[in-house]
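Heads up, the thing below is written out as structure tokens.
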Amino acid sequence: MTRALRAELRRIRLRTVTWLMLGLLLVVAAGFVATSWDDARPRTAAELAAAHEAYEDDVRTIADMVVQCRALREKNPDFDLDCDLKANPESSYLWSGRSFADVLASAVDGLAAPLAGAALVVAVSFVTAEFGARTIAPWLVVVPRRTRVVLSKTSAAAIASVPGAVVTVAVTALGLMALYAACGRSVGAAGVWGPVVGTVGRELVLVVLAAVVGTGLAFALRHATAVLGVLVWWVIAVEVTLPVVLPGWVPVTVATNASAWLTGRATYTVEQCTPDPAQPTTPWCQDVEHVVGGGQGLMALVVLAVVVALAGVLVFKRRDVT
């Protein structure tokens with residue numbers, strides 16, 4: 001098993017698709033850095049002047065209101081009016097952009113879907129390419145046990161998905177740090193990194209599960225086109241349509257469980273109707289909020305990955321290989 005896994009890791013490392021996905025992930029990382037320019041950049045002289053002018057206008061307006069308020073209170077002593085009005089600080093009139101901590105957390109959260117998608121694509125391609133090139137049969141001569149072949153390829157895909165994800169997150173974080181430092185903005189204290197590391201850890205679990213699902217689908221269907229068709233059907237039928245038709249079935253969607261795992265909880269609402277005591281013929285309906293916990297989300301994702309992986313093993317063991 002160890003020799004087979006080492007061989008599979010070398011093969012997946014040399015595949016063009018692996019490096020192509022890494023390149024696309026780095027483009028995504030660069031996109032997050034580029035779109036954060038407006039948050040990090042120093043404000044222009046025109047923006048500072050406009051903010052100061054808006055502040056001065058409000059100061060004059062509030063001063064007039066204070067004069068009118070005091071005059072009204074003198075004429076009507078019984079009116080309890082608070083005339084001590086003050087303008088907001090001048091700094092509140094200028095949008096200075098989000099802090100480094102907020103931008104970094106938002107970028108890391110946004111990387112979850114691209115990282116999982118890249119792991120899925122690499123895993124599917126890694127297996128279906130073997131069937132397409134008809135090299136799986138010779139490989140069974142070297143590793144005759146089909147279960148071992150599935151395990152080695154699945155393990156290789158799962159392991160290979162981690163370094164690319166780590167590199168992508170690291171490039172994003174370093175790029176944002178460089179951007180904020182170049183703009184003279186603070187990158188915050190060491191406490192900024194704790195929540196980010198926790199989020200990255202949960203995303204790595206999601207990436208590994210995506211790789212397992214990808215290899216399972218590939219072994220079961222053998223063709224990348226067939227896998228794509230199943231994924232498209234799942235997204236349309238389950239992820240998009242099912243929550244609309246049957247709101248109570250929202251917890252079976254991958255998006256809900258992934259969100260619950262990544263953020264700690266996910267919520268959804270279901271309309272519940274009961275008879276109205278005042279009007280028995282008219283139901284009284286209200287939206288009831290339900291919560292999917294992080295542990296529940298992880299359990300659902302693990303069960304999905306295991307089921308798909310087992311399906312891949314069973315199909316691969318029973319079908320002929322040419």
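The values are calculated or read from the model by the stated rules, or taken from the named source; none is laboratory data. If you're wondering where the values come from, they're calculated on a predicted model, not measured in any experiment. Virtual Cβ from ideal backbone geometry, glycine too; neighbours counted across all protein chains shown.
Of T199, T168, T154, T225, which residue is in contact (Cβ under 8 Å) with a residue 24 or more places away in the chain and closer than 18 Å to V315 by Cα? Outline the logic, then answer.
Details: T199 fails: closer than 18 Å to V315 by Cα; T168 fails: closer than 18 Å to V315 by Cα; T225 fails: in contact (Cβ under 8 Å) with a residue 24 or more places away in the chain.
Only one candidate passes the filter, namely T154.
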- So Y55 clears everything in (1) farther than 30 Å from T147 by Cα; (2) surrounded by 14 or more Cβ atoms within 10 Å (Cβ to Cβ); (3) of a type in the set (S, T, Y); (4) at pLDDT 80 or above except one condition, right? Which one? (4)
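Does region 123-136 include one or more residues that are assigned by TED's automatic domain parsing to the domain that holds L310, on the phi > 0 side of the Ramachandran plot and not aromatic (F, W, Y)? Steps first, answer last, please.
Step one: filter region 123-136 for residues assigned by TED's automatic domain parsing to the domain that holds L310, giving 123-136.
Filter again for on the phi > 0 side of the Ramachandran plot, leaving 134.
Filter again for not aromatic (F, W, Y), leaving 134.
Checked region 123-136: at least one residue is assigned by TED's automatic domain parsing to the domain that holds L310, on the phi > 0 side of the Ramachandran plot and not aromatic (F, W, Y).
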- Looking at W249, W284, which one is surrounded by 12 or more Cβ atoms within 10 Å (Cβ to Cβ), more than 15 Å from L304 (Cβ to Cβ) and out of contact with any Gly (no Cβ under 9 Å at 6 or more places or on another chain)? W284
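Just to be sure, is V208 in the same structural domain as F126 (by TED's automatic domain parsing) and modelled with pLDDT of 95 or more?
Numbers: in the same structural domain as F126 (by TED's automatic domain parsing): yes; modelled with pLDDT of 95 or more: yes.
In short, yes.
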- Task: Return the total of residues in region 288-322 being over 30 Å from L140 (Cα atoms), in contact with a helix residue (DSSP H, G or I) (Cβ under 7 Å, 6 or more places away or on another chain) and not β-branched (V, I, T).
- Result: 7
- Since Y93 meets every condition but one in (1) crowded, with 18+ Cβ neighbours inside 10 Å; (2) modelled with pLDDT of 85 or more; (3) in contact with a helix residue (DSSP H, G or I) (Cβ under 6 Å, 6 or more places away or on another chain), which condition does it not meet? (2)
- Determine which single condition R222 fails, assuming it passes every other condition in (1) at pLDDT below 95; (2) of a type outside the set (F, W, Y); (3) at negative phi. (3)
- When you go through A300, A305 one by one, which is the residue that is farther than 23 Å from T128 by Cα, surrounded by 13 or more Cβ atoms within 10 Å (Cβ to Cβ) and among the hydrophobic types (A, V, I, L, M, F, W, C)? A300
- Determine which member of the set E289, E239 is under 29 Å from T168 (Cβ atoms) and of a type in the set (D, E). E239
- Query: Which one of these is exposed (fewer than 15 other Cβ atoms within 10 Å of the Cβ) and either closer than 24 Å to D109 by Cα or of a type outside the set (D, E) (or both): V169, V192, V150, V197?
  - Reply: V197
